[in-house]
Structure formats: C-alpha cells, structure tokens
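Worksheet: one structure, shown below.
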Amino acid sequence: MSDQGETIQNEIHEKVCELAGRLGNDASSLSATDIIPETGLLDSASIIELVVWLESQFSIRLAHDEITVENLGSLESMKSFVLLKQGQTAAAASS
C-alpha cells in the first residue's frame, strides 16, 4: 500500500473507531476487509456521518449512486475509492 493510501486508510479507521465509540462499540480490531455495515459497529446515522466526513476530509464529492458497499463497505474499499476520486479531481483540474 502506498504511503498516501496507508495514511488515508488509517484516518478512516480512526474515524470509524470514533463513531463506533460514541455508540459504545470498540472498532479497534476492525480489519481492512471487514464489511462495516455487517459488523454492527455503526448505525445508519453514523454511516451517513462517515460518508459526509469522507467528502469533507478528502475534498471529494460522492454521487448518490456511488454510495455503495462496493465503494464504501470496508476500510480498504473506502481507501481505494478516495484515491480514485482524488485522481479524477486532479485530472479534471489539470484539463
């Protein structure tokens, strides 16, 4: 994993731990490939807060049809999706 990817994934993990902690759950042992909605660590409001945070933290915009388990279900998929979206933003800015 690239340093940037590792940093992004660590930031996302910290945010998931924070959100889970507010609900009385411990997400510290969450693996990169665990499907977060299936773990029960976050409720629907926390998942929405996580999506809003992703947009703000990483300066990306998500379309409604991009908010899927495939894109945002795990730490690893979120990291990959953020990197993809940031690449699209950089490409659009340079053209």
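Read-outs: derived from the displayed coordinates by stated rules, not from any lab. None of the values given here were measured: they were computed from a predicted structure. Neighbour counts are summed over all protein chains in view; Cβ atoms, including those assigned to glycine, are modelled from backbone coordinates with ideal geometry.
Brief remarks on what is shown
- Residues in the stretch 21-71 that are among the charged types (D, E, K, R) and either within 21 Å of GLN88 (Cα to Cα) or surrounded by fewer than 10 Cβ atoms within 10 Å (Cβ to Cβ) (or both): GLU55, ARG61, ASP65, GLU66, GLU70.
- Of the residues making up the stretch 72-87, those that are of a type in the set (Ser, Thr, Tyr) and either out of contact with any Ser or Thr (no Cβ under 7 Å at 6 or more places or on another chain) or in contact (Cβ under 8 Å) with a residue 60 or more places away in the chain (or both) are SER77, SER80.
- Check on ASP65, free of Cβ contacts under 8 Å to residues at least 12 places away in the same chain and among the acidic types (Asp, Glu): yes
- Members of the stretch 19-32 found to be under 13 Å from the mean Cα position of the chain (by Cα) and assigned to a helix (DSSP H, G or I), listed by number: LEU19
- Residues in the stretch 33-85 that are small (Gly, Ala, Ser), outside any helix (DSSP H, G or I) and more than 12 Å from the chain's Cα centre (by Cα): GLY40, SER59, ALA63.
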